[in-house]
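Report on one structure; see the data block that follows.
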Amino acid sequence: MRLRLPEERPTEPPTGYKIAHPVLSQDGTRAGFTGVSLGGALPYGVLADASCVYGLRHPAPSRRCDCGFHCVHDRTTAEALLCTAEHRAAALLEVTVLGRYIRFERGFRYARQRVRTATAGPCACGTVAAALADAGWGRPGWQALAPSCAGCLRGRTSVSLAGFARLAGQGLRVVAGQGVSVAVAGLAAGDEPGVPELTAEAALLQARLDWFQAQLARLGERGPGGGRKG
């Protein structure tokens, strides 16, 4: 006799949690995420459909395969994954589980998802993040980003938390860790940014200005001919 999994018909889509690395397209016009394990080579957007990472033609998720999006039920469980060295720069995502899903003891494997909130951890120096900056690695066509404070940007390719959310679209909300919200996306046409958005943008601009001033000062020491004065 063939066993069948029990079917669920929830009144509203389940909520899950996962971690992923924020990514920015090579031309700087799109933003998304890339996973930390299976399927990590395939960046996805805020609203995305899963496909079999092995190239098989069955719909995801399949009971005979481990394809599909993955998440856990509990936020604390997902946060624990951020303790490992290779995942320190990842973001914590709150997602809505859509479409077909398979429920496990600790989470879901499912066909479609919407990322509702992305929480960026602190900068490597420990300061609350004001932006997402070049992490030094990426995928073909995509540059991985890591949380950074204004003082640690130092001319790297970067985007404010609010800017990342706008590029990602679909009403994504992006916040800084430690409970301090510095950027919210999904502004409707005609809406004006509030104090948190403007503060984050100002910090990013100030960091870039400081970097340019430092470069100009260095060039001034060398003199117009490229050599040092004196």
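The condition of being at pLDDT 90 or above, in contact with a Phe, Trp or Tyr (Cβ under 8 Å, 6 or more places away or on another chain) and not polar (S, T, N, Q) holds for Arg109. All but one of (1) surrounded by fewer than 18 Cβ atoms within 10 Å (Cβ to Cβ); (2) over 20 Å from Ala41 (Cβ atoms) hold for Leu81; state the number of the condition that does not hold. Against the list (1) surrounded by fewer than 18 Cβ atoms within 10 Å (Cβ to Cβ); (2) over 20 Å from Ala41 (Cβ atoms), Leu81 comes up short only on (2). When residues in region 8-29 are screened for being in contact (Cβ under 8 Å) with a residue 12 or more places away in the chain and farther than 19 Å from Arg156 by Cβ, 9 of them pass. Of all the numbered requirements in (1) polar (S, T, N, Q); (2) in contact with a Pro (Cβ under 7 Å, 6 or more places away or on another chain); (3) without any contact (Cβ under 8 Å) to a residue 60 or more places away in the chain, Thr96 misses one, and that requirement is (3). Ala41 satisfies every condition listed in (1) out of contact with any Lys or Arg (no Cβ under 7 Å at 6 or more places or on another chain); (2) touching a residue at least 40 places away in the same chain (Cβ under 8 Å) except (1). Are any residues in region 29-58 closer than 15 Å to Arg139 by Cβ and touching a helix residue (DSSP H, G or I) at 6+ places or on another chain (Cβ under 8 Å), and if so, which ones? Of everything in region 29-58, those that are closer than 15 Å to Arg139 by Cβ and touching a helix residue (DSSP H, G or I) at 6+ places or on another chain (Cβ under 8 Å) turn out to be Arg30, Ala31, Gly32, Val36, Gly45. Total residues in region 108-148 satisfying the condition of being surrounded by fewer than 21 Cβ atoms within 10 Å (Cβ to Cβ), more than 28 Å from His70 (Cβ to Cβ) and in contact (Cβ under 8 Å) with a residue 24 or more places away in the chain: the figure is 3. Going by what's in this entry, would Val72 be described as out of contact with any Ser or Thr (no Cβ under 8 Å at 6 or more places or on another chain), among the hydrophobic types (A, V, I, L, M, F, W, C) and at pLDDT below 95? So Val72 fails the test. If only residues of region 56-90 that are without any contact (Cβ under 8 Å) to a residue 12 or more places away in the chain and not in a loop (DSSP other than H, G, I, E, B) are counted, the one that is nearest to Gly107 (Cα to Cα) is Thr76.
All conditions but one from (1) in a helix (DSSP H, G or I); (2) β-branched (Val, Ile, Thr); (3) modelled with pLDDT under 90 apply to Val53; the one that does not is (1).
Among the residues of region 109-130, those that are over 13 Å from Ala91 (Cβ atoms) and part of a strand (DSSP E or B) comprise Arg109, Tyr110, Ala111, Arg112, Gln113, Arg114.
Considering region 56-79, and only residues there that are among the small types (Gly, Ala, Ser) and closer than 29 Å to Leu167 by Cβ, the residue that is farthest from the chain's Cα centre (by Cα) turns out to be Ala60.
The values are calculated or read from the model by the stated rules, or taken from the named source; none is laboratory data. Because the structure is predicted, anything quoted here is derived from the model rather than measured. With ideal geometry, Cβ positions are generated from the backbone for all residues, glycine too; neighbour counts draw on all protein chains shown.
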